[in-house]
Amino acid sequence: MNVIESVAEMQRIALKAKGEGKRIALVPTMGYLHAGHASLMHEGRRRSDLLVTSIFVNPAQFGANEDLDKYPRDMERDMKIAREAGVDLIFAPQPVDMYPPEFQTWVDVERLSLPLCGASRPGHFRGVTTVVCKLFSIVQPTLALFGIKDYQQLAVIRRMTADLNLPVEIADMPIVREIDGLAMSSRNAYLSPENRIKALCLSRAIQSVLESYRGGERDVLVLDRNAREQIAAVKGAEIDYLEFRNGATLELQQQADDQTLLAMAIKIGTTRLIDNCILGEDR
């Protein structure tokens, strides 16, 4: 496994591989890898001839008061996880190479990026879609893999890929959870032992909603109350958003169905965590 920092070198290797008819898979990450990332890599390995993982803490998707500087980083650990998952190349560019001094071109998916995390983090998705579009241009993947824990991000990237006619298949992979139900996230590293226990209110809220829905409840007001009660029971847990939306359009819903998305962002102490589920899907 090689680590490539040069944009030009990565593109040269990718174009050569593509010219040889090889199928390239890309797993874009911001590093500090965990088993959720590894699940994407294993699937990418199964479905490609050349597996590339990008590790890039993208400054364009962080707001002015967010955690860019303290975002966890551990390249040695990341390399070990990537190597064990069968990655061929790690693409780890420098910010100045991805965003040169005169950079002024952005990719913006308008409507899907507005609610949920888009409302809480203005400009976030513009940074996400721009860097992913650049990665697609540099790595030339035929397949790119994303986890559905970042459900809105996945929806926005699918829309961008379709709207710009990019020849990339977007594959989604299930949320990987700890044994106790907490969704795996690089930001879990911020949690103190006490807050790690408190963070379980997210998965408990989801479970409460799913039990009510499977019992026949379809009124979103009732399901919403069930979820909020689980969060309110935890001292120090603060709701950024907790909403029921159409899984395809992200429009708000008043009556739930099998395609309804429950999406939430909850602050536990100073750590903002996200989680979600589609009500009609098995968990």
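So how do 106-117, 178-189 stack up, highest first, on mean other-Cβ count within 10 Å? Don't skip to the answer; put the middle values down first.
Numbers: 106-117: 17.6, 178-189: 15.8.
Descending mean neighbour count gives 106-117, 178-189.
Under a crude label model (7 Å from the Cα following the beta-carbon direction), how far is Glu229 from Ala8 in nanometres?
If labels sit at Glu229 and Ala8, their model points lie 6.3 nm apart.
Report, in degrees rounded to the nearest 10, the 0 to 90 angle that the Cα long axis of helix 151-163 makes with the longest principal axis of the chain.
50
Determine how many Å³ per residue the convex hull of the Cα atoms of the stretch 186-278 encloses.
With only Cα atoms used, the stretch 186-278 gives 87 Å³ per residue.
Relative to the longest principal axis of the chain, what angle (0 to 90°, nearest 10) does the C-alpha long axis of helix 7-19 take?
Long axis of 7-19 versus the principal axis of the chain: about 80 degrees.
Using only Cα atoms, figure out Rg for the chain and give it as a multiple of 2.2 N^0.38 Å.
On the way: Rg = 19.1 Å, N = 283, 2.2 N^0.38 = 18.8 Å.
Taking N as the residue count of the chain, the ratio is 1.02.
Counting only DSSP beta bridges with both residues in the chain, tell me the antiparallel percent, nearest 5. Numbers along the way, then the final one.
Working: 20 of 39 bridges.
Rounded to the nearest five, the antiparallel share is 50 percent.
Give me the distance in nm between label points sitting 7 Å out from Cα along the Cα-to-Cβ direction at Arg214 and Ala171, one decimal.
Result for the modelled spin labels: 2.8 nm.
Based on a Kirkwood Rh over C-alpha pairs, give the Stokes-Einstein translational diffusion coefficient of the stretch 100-162 at 37 °C and viscosity 0.692 mPa s in µm²/s.
Roughly 266 µm²/s, to the nearest whole number.
Enumerate the lysines that Lys198 could reach by cross-link, defined here as Cα to Cα under 26 Å, with residues fewer than 8 away along the same chain left out.
Lys70, Lys149, Lys235, Lys267
Give me the lysines in straight-line cross-link reach of Lys18: C-alpha distance below 24 Å, same-chain residues under 8 apart excluded.
Lys134
Relative to the present Cα-Cα distance, how much length would full extension add between Asp240 and Leu221 at 0.36 nm per residue of separation? If you can, show how the numbers build up before the last one.
Working: separation 19, 0.36 × 19 = 6.84 nm, distance 1.77 nm.
Extending this stretch completely gives an extra 5.1 nm.
Each value in this text was obtained by applying a stated rule to the coordinates, not by laboratory testing. No experiment lies behind these values; they were computed from the predicted model shown. Glycine gets a Cβ as well: all are built from the backbone with ideal geometry, and neighbour counts include every protein chain shown.
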